[in-house]
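Please treat every number below as a calculation from the coordinates, not as lab data. Note that this is a predicted model, so its numbers are computed, not measured. FYI the Cβ positions are ideal-geometry reconstructions off the backbone, even for glycines, and counts take in every protein chain you see.
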Amino acid sequence: MPTRSKERPQETRVPVASLERQGVRPAGDVHWNLIAPELVKHAMRRGEGELAEMGPFVAVTAPHTGRSPNDKFVVREPTTEADVDWGKVNHPMSPEHFDRLLADVRAYLGKPSELFIQDLYCGADPSLRLSVRYVSPNAWHSMFVRNMFIRPQPAELAGFDPNFSVLHAPEFEASPDKHGTRTSTFIVLNLAKRMVLIGGTRYAGELKKAMFTVMNYMLPKQNVLSMHCSANTGKGGDTALFFGLSGTGKTTLSADPERSLIGDDEHGWSEEGIFNFEGGCYAKAINLSKESEPDIYQTTQMFGTILENVVLDPITKAVKFEDQSITENTRASYPLHYIRNHVPNGRGGHPQNIIFLTADAFGVLPPMSRLSPEQAMYYFLSGYTAKVAGTERGVTEPQATFSACFGAVFLVWHPPSMRSCSGRCCAGTRRVSGW
């Protein structure tokens, strides 16, 4: 039987559900699929953050204010071992270490007085999406994933059948000797068990990027290209893609008031066209202003938006967007429909224009280039670009890098093995640009 909230039983959105499949035995109240006002209420009651002027919820995730790519692991087991590009990006973890870590994470999640569950879809194409159950002890993290992924209709929740689970243990610290981790922080994907474990960090971006990594593994098996890009469409239905690493301008350029936003970060390209993985946006907020980015700025004045690691004026509670004393990697998480011009179903046609946002840190390339299909294929797989300060731990200034497919840190397959899918980046497009 599900555990219901003693405080407000009507908050339980799932009449028949349990955490049996996730192996979690909660000792306290379990809140199922709460909506934003309820989650904000619980987050404030629990002291997880504060409200800014106009109503956004503000959380601080220090000391982790960016992703920890060196602490991401993939379980090395027989059914998926041959598929994974092992090495600097995909660090192997043994099944034995994973089982020990899983047992301890389950025990950790069984102790809090409350758990917050969100059942969500990853993928706007119903034939290709994953059904994901997030389990977290924090209300604001639950609101974050509710912002970022696709929210099922209420009628769908009663029969929701998750085919992936994410267990979130932000305050639990792993033991490298016991669990096979590098540090106390961990992001572990078990593709065979369809499970992700995240702990030792409060940075919310790990919750979304872990599922992007999962999609990067699952979709190429179905001849679908998984892409680290934003997408929008014009009034005539012309779709454009903007590839780039985090912080290079994908969100800003795709939020064009003259075009409709499909999504700002993660998409698939199938035989039917483009589809967003997410139901929200995760925009960098440093130096954000109403004049330079009016649509994104407007979302930061709305209830339900989460502002991560921003600094507030102590008197007025106004956001000091220019203040980077916590981190340069300040973020805003908001549902897609907070952008006025958005595509409700998160889907678009085959793109006519593709732009590579190089973020060239050393001025090696011209400001703009028009590439042939062959050049575009080579550049997509080699991915000369730069890491932007703050998006990863330890990156304090732009660093030149080669990031295959403009998302190497999220890839599971070896990039050349994705050639049959990446050929879509040339076929049928009018223009392929590197910027």
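Quick notes
- Normalising the average separation of contacting C-alpha pairs (under 8 angstrom, six or more residues apart) by the number of residues puts the relative contact order of the stretch 128-280 at 20 percent.
- Largest mean-square fluctuation among 279, 236, 159, in a Gaussian network model of the chain whose springs join Cα atoms under 10 Å apart, belongs to 236.
- Those chymotrypsin sites (Phe, Trp or Tyr not before Pro) in the stretch 220-306 that DSSP places in a loop and that have at most 16 other beta carbons within 10 Å: 303
- Cα gyration tensor shape for the stretch 64-112, rounded if a/c is under 1.5, else prolate or oblate: oblate
- Counting Lys and Arg as +1 and Asp and Glu as -1 over every other residue whose Cβ lies under 12 Å from the Cβ of residue 178, the net charge comes to -4.
- Computed over the chain, the per-residue total of -39500 (n - 2.57) for DSSP H runs of n ≥ 4 gives a 222 nm mean residue ellipticity of -5000 deg cm²/dmol, rounded to 500.
- Note: relative contact order over the chain, using C-alpha pairs below 8 Å and six or more positions apart, is 17 percent.
- For the stretch 339-347, putting each phi into the Karplus relation 6.51 cos²θ - 1.76 cosθ + 1.60 with θ = phi - 60° gives couplings of 7, 4, 9, 10, 9, x, 8, x, 9 Hz, in residue order, rounded to whole numbers and with x for Gly and Pro.
- Amide hydrogen neighbours beyond the local backbone of residue 165, cut-off 5 Å, H modeled: 133, 195, 196
- Rounded FRET efficiency, nearest 0.05, which uses the C-beta distance separating residue 290 from residue 175 and R0 of 35 Å: 0.15
- Under a Gaussian network description of the chain, with springs only between Cα atoms under 10 Å, the residue in 47, 234, 200 that fluctuates furthest is 47.
- Amide H contacts of residue 279 (H built 1.01 Å from N, under 5 Å, at least 5 apart or other chain): 149, 150
- Residues with amide H under 5 Å from that of residue 286, placed H, sequence gap 5 or more: 330
- Hz values of 3J(HN,Hα) by residue in the stretch 96-106 - Karplus curve (6.51, -1.76, 1.60), Gly and Pro given as x: 5, 5, 4, 4, 5, 5, 4, 4, 6, 5, 4
- The stretch 23-171: relative contact order as a whole-number percent, Cα under 8 Å and 6+ apart: 29 percent
- Net charge over other residues, Cβ less than 11 angstrom from the Cβ of residue 139 (K, R count +1; D, E count -1): +1
- Phi to ³J(HN,Hα) by Karplus 6.51 cos²θ - 1.76 cosθ + 1.60 over the stretch 164-180, Hz, x for Gly, Pro: 8, 10, 10, 9, 10, 10, x, 9, 7, 10, 6, 10, x, 5, 7, 9, x
- Cα-based reach from residue 320 at 29 Å (exclusive), listing lysines while leaving out same-chain residues under 8 positions away: 41, 208, 209, 250, 284, 290, 387
- Debye log10 I(q)/I(0) for the chain, one point scatterer per Cα, at q = 0.08 Å⁻¹: -0.41
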